[in-house]
1. Pick from 151, 107, 103: which is out of contact with any strand residue (DSSP E or B) (no Cβ under 6 Å at 6 or more places or on another chain), at negative phi and at pLDDT 95 or above?
2. Can you pull out every residue in segment 37-56 that is under 27 Å from residue 103 (Cα atoms) and exposed (fewer than 14 other Cβ atoms within 10 Å of the Cβ)?
3. Within segment 105-119, does at least one residue satisfy the condition of being buried (at least 19 other Cβ atoms within 10 Å of the Cβ) and part of a helix (DSSP H, G or I)?
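The values are calculated or read from the model by the stated rules, or taken from the named source; none is laboratory data. Quantities reported herein were computed from a predicted structural model and do not represent experimental measurements. Positions of Cβ are backbone-derived with ideal geometry, glycine not excepted, and every protein chain shown enters the neighbour counts.
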């Protein structure tokens, strides 16, 4: 009987070790945040809820008038998720936003792509310097900012394209930035 009790106790401990971490990860999954992959895919509202520790809002991937976002960043950019500066110059984040429009624009989709690079000591020629009001800290540059709309028949209207040329970026930092 004692051996059976000991076995059940060990089984209980093992199940706690296995279940509790997955429960913690499941909490972030409902937002769309994946810490290990350094990415987020979900709504802009749920990203804000995640950062503020609020519960996520349920949504439908096809709903109109909701801004969806897909964000990827490198390891050096990780501290920004907690509101701290990046670990090293060259830290980057890419974001892709979209919204299915309604009203007079029903059937149209708005898109924006952003690429932000941390360069605290070296300005990036042609890039837009972001203010601390926009991104918390100094030294961030917006090197890609493309905004456009796509119509129901595939027609595309460019709203803006304020992107720095890729070859210039490679020369400045002497390393390749991955393309999507």
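1. Values: 107 fails: at negative phi; 103 fails: at negative phi.
Selected residue: 151, the only one of 151, 107, 103 that is out of contact with any strand residue (DSSP E or B) (no Cβ under 6 Å at 6 or more places or on another chain), at negative phi and at pLDDT 95 or above.
2. Within segment 37-56, just 48 meets the criteria.
3. Looking through segment 105-119, none of the residues is buried (at least 19 other Cβ atoms within 10 Å of the Cβ) and part of a helix (DSSP H, G or I).
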